[in-house]
C-alpha cells in the first residue's frame, strides 16, 4: 500500500481523493456561510463592499475581501474563494 501525507499524519494514498473532496466541501460551506451573512440583497454576489460590511475592522475586512477576489474584478466567486483557500492550506 502506498502512503502519503494528508494534513497531519500518514494515511493510505487512496484516502487522498476523499480528503480533497472533504476539504473542498468545507471550503464551499465556508464560502456559502460568508455569502449568507454578507449578501444583504441576496443577488448571490460577494462584492468587496458587501464583504466589508460584516467585520468590525473595516480596513482588515477590505484587505481580506480583496485577497479572495483573485481576478480583481470586485466580486469573489466560489471558485476564487476555493482556489485561494487551497493555496493557504498547502
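When the stretch 42-61 is filtered for residues that are in contact with a helix residue (DSSP H, G or I) (Cβ under 8 Å, 6 or more places away or on another chain) and either without any contact (Cβ under 8 Å) to a residue 12 or more places away in the chain or more than 16 Å from residue 77 (Cα to Cα) (or both), the ones remaining, listed by number, are 44, 53, 54, 55, 58, 61. The single condition among (1) within 30 Å of residue 19 (Cβ to Cβ); (2) crowded, with 18+ Cβ neighbours inside 10 Å that residue 67 does not meet is (2).
Here, each number is a calculation from the coordinates, and none is a lab measurement. Model, not experiment: these values are computed from the prediction. Neighbour counts run over all protein chains shown; Cβ positions are idealised from the backbone, glycine included.
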